[in-house]
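Visitor: My questions will all concern the structure given below.
Derivation of every value follows stated rules applied to the coordinates shown; laboratory data play no part. Given the structure is predicted, the values throughout are model-derived calculations rather than measurements. Cβ placement follows ideal geometry from the backbone for every residue including glycine, while neighbour counts extend to all protein chains displayed.
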Amino acid sequence: MDRVLAAAEPVDDVLLAVTGRLGGVSAAPYDALNLGGRVGDLPSDVEENRRRLAAAVGVARDRLVLMDQVHSADVAVVTAPPAVAPRVDAVVTDRRDLALVALGADCAPVVLADAAAGVIGAVHVGRRGLVVGILVAAVRAMRELGAHDILARVGPAICGRCYELPAGLVDEVGAVVPAAVATTQWGTPGVDIGAGALAVLDGLDVAASRAGRCTFESNDLYSHRRDGVTGRHAALVVRR
């Protein structure tokens, strides 16, 4: 079970964690700890992986809050486990024992917390999320719940050396988040999602740091761009 969490960071009564590919039951090409429910994996294997994740962070399975991620700027404020995964890209709460989960396989799963205020959040950040301002919306929602001193961890994401995009899309991102513009190792236009997320958070006075490596370059992480059909890892935050 200890392999389920690739890294875990306690901050007072809050735990911030990220997963990799180890510790689950899924068969190839999802091996092994796939947490994504819409990627073609066996539902029973995904459910067992999610049960293991919940156990690893000390909550009941039904307290694991996942999203139906759609690259939006929408945020859900949750006070209890939702019956259906909200169709949003950020969830925030001021309640205990709700484990908020963001998934990724090149996009960045980001977790945020103000332990003193008791407010936490999880955000799915991709190229589109940087453009539409999902991190801005998530931080705003947390502050409306009373958060003041927020810290953030930006989980594994594809780096700018590996994330090649058409020049027009790169320009679209750069117009909103200039720090995300990159040049790939092939010398073509690229986007660095993690660098962009850090820059946005810094502009919001959120103390942020990286909590993961490049997904494309790391075989122990899922990468949709590298593998096509693959699973999803997670960043998670819970106030226990």
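Visitor: What distance in nm separates the two pseudo spin-label positions at N219 and D205, each 7 Å out from Cα along the beta-carbon direction?
Guide: 4.7 nm
Visitor: A further question on this structure: Tell me, R38, R226 in order of fewest to most beta-carbon neighbours within 10 Å? Mind showing how you got there, number by number?
Guide: Values: R38 10, R226 17.
Listed from fewest to most nearby Cβ atoms, that is R38, R226.
Visitor: Counting other beta carbons within 10 Å of each residue's own, what order do H124, H148, H71, H224 fall into, fewest first?
Guide: Numbers: H124 27, H148 11, H71 15, H224 19.
Going from least to most buried by this count: H148, H71, H224, H124.
Visitor: Restricting the count to DSSP beta bridges whose residues both fall in the chain, what percent are antiparallel, rounded to a multiple of 5? It would help to have the intermediate numbers written out before the result.
Guide: Working: 35 of 44 bridges.
Counting DSSP beta bridges with both partners in the chain, the antiparallel share is about 80 percent.
Visitor: May I ask you to sort L103, L145 by Cβ crowding, counting other Cβ atoms within 10 Å and putting the fewest first?
Guide: Least to most surrounded, the residues fall as L145, L103.
Visitor: Then there's this: Roughly how many Å is it from the Cα centre of the stretch 194-240 to that of the stretch 173-191, as a whole number?
Guide: If we compute the Cα centre of each part, the gap is 17 Å.
Visitor: For the chain, just give the cysteines left without a disulfide-compatible partner, judged by no other Cys Cβ under 4.7 Å.
Guide: C107, C162
Visitor: Relative contact order for the chain using alpha-carbon pairs under 8 Å, separation at least 6, rounded to a whole percent?
Guide: Working: 646 pairs, mean separation 57.1, N = 240.
Value for the chain: 24 percent.
Visitor: Quote the charge dipole size of the chain about the Cα centre in Debye, to the nearest 20; the model charges only the Cβ of Lys and Arg (+1) and of Asp and Glu (-1).
Guide: Values: 24 positive and 28 negative charges, 62 e Å.
Charge dipole, the chain, about its Cα centre: 300 debye, nearest 20.
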